[in-house]
1. Can you tally the net charge around Glu72? Count Lys and Arg as +1, Asp and Glu as -1, for every other residue whose Cβ sits under 13 Å from the Cβ of Glu72.
2. Extending each Cα 7 Å along its Cβ direction at Ala121 and Asp20, get the distance between those two points in nm, one decimal.
3. Pairwise over distinct Cα atoms, reciprocal of the mean inverse distance: report the Kirkwood radius of the chain in Å, one decimal place.
4. On full extension of the chain, what length is gained from Arg163 through Glu261, given 0.36 nm per residue of separation minus the C-alpha to C-alpha distance?
5. Going by average Cβ neighbours within 10 Å, how do the peptides 101-110, 56-65 rank, with the highest at the top?
6. Could you tell me how many degrees, from 0 to 90 and to the nearest 10, lie between the Cα long axis of helix 119-128 and the main elongation axis, the longest principal axis, of the Cα atoms of the chain?
7. Tilt of helix 16-33 relative to the longest C-alpha principal axis of the chain, in degrees (0 to 90, nearest 10)?
8. Rounded to the nearest 0.05, what FRET efficiency do Ala31 and Glu173 give with R0 = 45 Å and r taken as the Cβ-Cβ distance? Could you check?
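Just so you know, all these numbers are worked out from the coordinates, no wet-lab data involved. Quick caveat, the model's predicted, so the values are computed rather than measured. FYI the Cβ positions are ideal-geometry reconstructions off the backbone, even for glycines, and counts take in every protein chain you see.
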Amino acid sequence: MTDQTAALRLPPNLSSEHRDVLADLVRRNEADYGEDLVGLVLSGSAGRGMATERSDLDVFTVLADTGGRGPETSRSAALDETIVAISDLERVPPFGTNGWWYRWSFAWAPMLLDRTEGRLASALHRQATVTIDEAESILVEHDRLDGWLNFAYRALKNDRDGRSLERRLDAAESMPWLLDVVFTLEGRVRPYHKYLPWELRQHPLTLWHAEELLALLAATLDGDPSAVRATFQRVERACAAFDSQVEVHVLTPVIDSWGDELEILRR
């Protein structure tokens with residue numbers, strides 16, 4: 001192992017080729033930035049033990065200061081490197097903004113190098129988690145809960161009326177809304193689809209067993225009405241649990257506002 005990689009905390013499953021790329025990266029960054037280099041974060045498949053022979057490396061090079069420049073990304077066949085100031089990582093993009101989509105990049109991503117005495121770890125954790133206030137904004141102000149209910153309701157109405165294709169289309173359309181609901185209720189940013197089974201199995205949710213949720217998602221994609229109803233029951237209980245933690249209930253009123261229309265979901 002080179003002197004450069006000896007200074008890094010490398011995941012044990014990295015290939016020798018990936019280790020060489022990282023050795024070159026840290027050598028170059030030490031030369032370019034010196035003491036301004038405060039961290040390296042490994043994201044993507046390699047950071048989560050899912051790399052194949054076709055995988056590149058996704059690395060965030062964290063600097064003490066970038067002179068006011070925003071994050072800059074360079075790409076090659078072997079390496080996607082994003083240079084970012086630690087202060088930028090400490091800014092948390094709200095749901096619905098351009099930066100929101102990148103927040104999961106930092107979930108469960110190992111730090112190869114950390115010279116910040118915990119500041120970097122705290123920033124990564126905050127990027128990948130959702131506060132109570134954020135959760136209310138996502139689920140209520142941004143309509144993710146009501147939106148999922150709408151598509152679930154439409155899927156079941158189409159099933160009732162014998163429209164099988166329309167039922168499946170609405171059930172499939174409900175999926176991103178449902179995943180936002182499920183992970184937001186757990187205080188987490190939802191993963192990219194590629195990593196969903198991995199996260200559920202390696203970092204279990206508290207309210208959903210991994211295989212149970214994956215089976216419900218697969219059945220919902222097929223338009224299975226029983227899966228939609230079973231999911232509704234679980235979500236309704238999770239929303240009640242969320243509301244028990246806040247002074248003013250915010251989620252159960254969204255569900256209750258559907259009134260008699262809920263009958264088709266509760267059969």
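1. Working: positive: Arg69, Arg75; negative: Asp32, Asp80, Glu81, Asp88.
Value of the local net charge: -2.
2. In this crude label model, Ala121 to Asp20 measures out at 3.3 nm.
3. Computed over the chain, the radius equals 20.5 Å.
4. 33.4 nm
5. Details: 101-110: 18.5, 56-65: 21.3.
Descending packing order for the listed peptides: 56-65, 101-110.
6. 30
7. So the inclination is approximately 70 degrees.
8. Computed FRET efficiency for Ala31 and Glu173: 0.35.
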